[in-house]
Amino acid sequence: MGGPATWQQEQISLAYLLAVSTQANATIASWNVDKDGVDATLKRDHRLVELQMKCTFDPRLLADGSTRTFPLDIETYDKLRGPYRTAPGYLGLVVVPRDVSTWLTHSPESVLIRCAGFYAQLQDQPEARGSATKTIHLPETQRLDVAGLDVMFEFAHQRLFGSDDALGEAIA
C-alpha cells in the first residue's frame, strides 16, 4: 500500500488514544477545530488532561537508543505549556510502521494495532527560544498506555489540589 498520508497518521493516532483511554476508564472528547493546540481532552473521575497527538513512522532516537524526539511547532508548544491552562497539556506521539497495510492485523478473534505511543508533559515547561520548532523528548518510560494515563491524571489532580496529604490537612 505504501507510505501513510498525513490524514491517515492523524486518524491512527486518535484511534490509538481512544483505545488506550477506553482501557484506562477515561472518556475522550475530540475537537473539530485544533485552534488551542489540543486534539483531545480526556476525563476520568472529574480530572481532565489534554493532548496534541502526532504520528510518525520515522522517529529520531537520541544516543541512549530509547528516547524519541519530535520537532513540535513553537505555537503549539506554547499553547500546551501555558501556566493558566485548566487541564495540563501533553504531546502524544504514536509510532507506526511506514507501510499502512501493516498497521492492523485482522483475525477471527481480534484486530491488533501495530503501533506504540509515548507522551511528554509540556505543562509548565520553559519558554522555547530562537526556533520555529521545539524538540520534545519522549523517553521509552513515558508510554502512552494505561499506566501513562494514570500518571497524567495524577498530575492533573496534584496540580489543582496539591498532594493528598495537603488535601487531608485542609479538610481536617
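The values are calculated or read from the model by the stated rules, or taken from the named source; none is laboratory data. Only a predicted model underlies this, so the values are computations on that prediction, with no experimental measurement involved. Note that we place each Cβ from the backbone using ideal geometry, even for glycine, and neighbour counts take in every protein chain shown.
Please state which one of 149, 138 is touching a residue at least 60 places away in the same chain (Cβ under 8 Å), crowded, with 21+ Cβ neighbours inside 10 Å and either part of a helix (DSSP H, G or I) or among the small types (Gly, Ala, Ser) (or both).
Step by step, each of 149, 138 is checked, and only 149 is touching a residue at least 60 places away in the same chain (Cβ under 8 Å), crowded, with 21+ Cβ neighbours inside 10 Å and either part of a helix (DSSP H, G or I) or among the small types (Gly, Ala, Ser) (or both).
Which one of 131, 101 is of a type in the set (Gly, Ala, Ser) and under 23 Å from residue 7 (Cβ atoms)?
101
Give the residue that is nearest to residue 77 (Cα to Cα), with candidates limited to residues of segment 1-38 that are acidic (Asp, Glu) and touching a residue at least 40 places away in the same chain (Cβ under 8 Å). Show your work before the answer.
Here is the first cut: in segment 1-38, the ones acidic (Asp, Glu) are 10, 34, 36.
With the extra rule that they be touching a residue at least 40 places away in the same chain (Cβ under 8 Å), the set shrinks to 10, 36.
Working: 10: 18, 36: 10 Å.
Here the residue is 36.
What number of residues in segment 122-134 are surrounded by 13 or more Cβ atoms within 10 Å (Cβ to Cβ) and either touching a Pro at 6+ places or on another chain (Cβ under 7 Å) or among the acidic types (Asp, Glu) (or both)?
3
Going through segment 33-76 one residue at a time, which ones are closer than 19 Å to residue 121 by Cβ, among the small types (Gly, Ala, Ser) and at pLDDT below 95?
Answer for segment 33-76, where residues must be closer than 19 Å to residue 121 by Cβ, among the small types (Gly, Ala, Ser) and at pLDDT below 95: 37, 66.
Let me spell it out: the conditions are (1) out of contact with any strand residue (DSSP E or B) (no Cβ under 8 Å at 6 or more places or on another chain); (2) assigned to a loop (DSSP other than H, G, I, E, B), and residue 25 meets all of them except one. Which number is the exception?
For residue 25, the failing item is (1).
Acidic (Asp, Glu), in contact with a helix residue (DSSP H, G or I) (Cβ under 7 Å, 6 or more places away or on another chain) and within 17 Å of residue 19 (Cβ to Cβ), is that true of residue 145?
So residue 145 passes the test.
Taking the condition surrounded by 13 or more Cβ atoms within 10 Å (Cβ to Cβ), over 21 Å from residue 123 (Cα atoms) and not acidic (Asp, Glu), does residue 100 pass?
yes
Every residue in segment 118-135 that is polar (S, T, N, Q), part of a loop (DSSP other than H, G, I, E, B) and closer than 16 Å to residue 70 by Cα, please.
125, 131 - these are the residues of segment 118-135 that are polar (S, T, N, Q), part of a loop (DSSP other than H, G, I, E, B) and closer than 16 Å to residue 70 by Cα.
Has segment 85-100 got at least one residue that is touching a helix residue (DSSP H, G or I) at 6+ places or on another chain (Cβ under 8 Å) and modelled with pLDDT under 95?
yes
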